[in-house]
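Here the structure is laid out as structure tokens; the discussion comes afterwards.
The values are calculated or read from the model by the stated rules, or taken from the named source; none is laboratory data. For clarity, every value in this text was computed on a predicted model and none was experimentally measured. Cβ placement follows ideal geometry from the backbone for every residue including glycine, while neighbour counts extend to all protein chains displayed. These accessible areas exclude ligands, DNA and RNA; they are computed on the full protein's heavy atoms, side chains included. Shrake-Rupley method; radii C 1.70, N 1.55, O 1.52, S 1.80 Å.
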Amino acid sequence: MRISRRRFLTYISAGVGLTVSAVVGTHFITTRTRGTPEGLAIYLDAYDDTLELWPIPYEELDIITRFGTTHIIVSGPRDAPPLVLLHPNSTSSTVWFPNIADWSQNYRTYAIDIIGEPGKSVVTNLPKNRIECAKWLEALFDKLEIEKAPIIGGSYGGFHTTNFAIKKPERVK
């Protein structure tokens, strides 16, 4: 796919903006209580600014599990089959904005901010091992009423995808 120079620069500036704000806010890893309130506000503003690039209608959900509150960006037709998206390490679900319109034509997409990573998810009990990581994702599937779904995972999201496919193969399409 070929994109215009303007669109490319928009993508780059969005990524740089989120990275800089995450560093300024020291929002990485555990909870929203790390860093300063000002830094967190800068990060959340950058997150919301990046969501303005989301090319289609979406809704934001916050789902509570025993590991904390997981933030999810949902797009696509309500009656379409589900597609779960798990972002790379040190990013958030906002990274999917260049692809989301295509995927959401045929799927109800669930872009999940991985707990313990940058994003709007708030961890209270970080998963300690692969079994707990699978339990976190299974709890989300249960609360979203997803019986079985394909999952796209980049980098660390790919770890979660593979781990879930090994631990809960009946839930992955």
Self-check item: GluC sites (Glu not before Pro) restricted to DSSP loop in segment 79-173 with at most 12 other C-beta within 10 Å
Solution: 145, 147
Practice problem: Would you please classify the overall shape of segment 108-173 from the alpha carbon gyration tensor, given that a ≥ b ≥ c denote the square roots of the eigenvalues, rounded means a/c under 1.5, and beyond that prolate means a/b larger than b/c while oblate covers the rest? | Solution: rounded
Practice problem: Return the sequence-ordered ³J(HN,Hα) values of segment 126-140 in whole Hz as given by the Karplus equation 6.51 cos²θ - 1.76 cosθ + 1.60 applied to θ = phi - 60°, using x for Gly and Pro. | Solution: 4, x, 8, 7, 5, 5, 5, 4, 5, 5, 4, 5, 5, 4, 5
Quiz item: Which residues' amide hydrogens lie under 5 Å from the amide hydrogen of residue 125, considering only partners 5 or more residues apart or on another chain, with H built in the peptide plane?
Solution: 68
Quiz item: If you keep only loop residues by DSSP, which trypsin sites (Lys or Arg not before Pro) in segment 105-145 have at most 12 other Cβ atoms within 10 Å of their Cβ?
Solution: 128
Exercise. Leaving ligands, DNA and RNA out of it, work out the accessible area of residue 53 with a 1.4 Å probe and give it in Å² to the nearest 10.
Key: 60 Å²
Practice problem: Name the long-range amide H neighbours of residue 65: under 5 Å, sequence gap of 5 or more, or other chain; modelled H, no Pro or chain starts. | Solution: 70
Practice problem: Taking H placed 1.01 Å from N in the peptide plane, check which residues at least 5 places from residue 35 or on another chain put their amide H under 5 Å from its amide H. | Solution: none
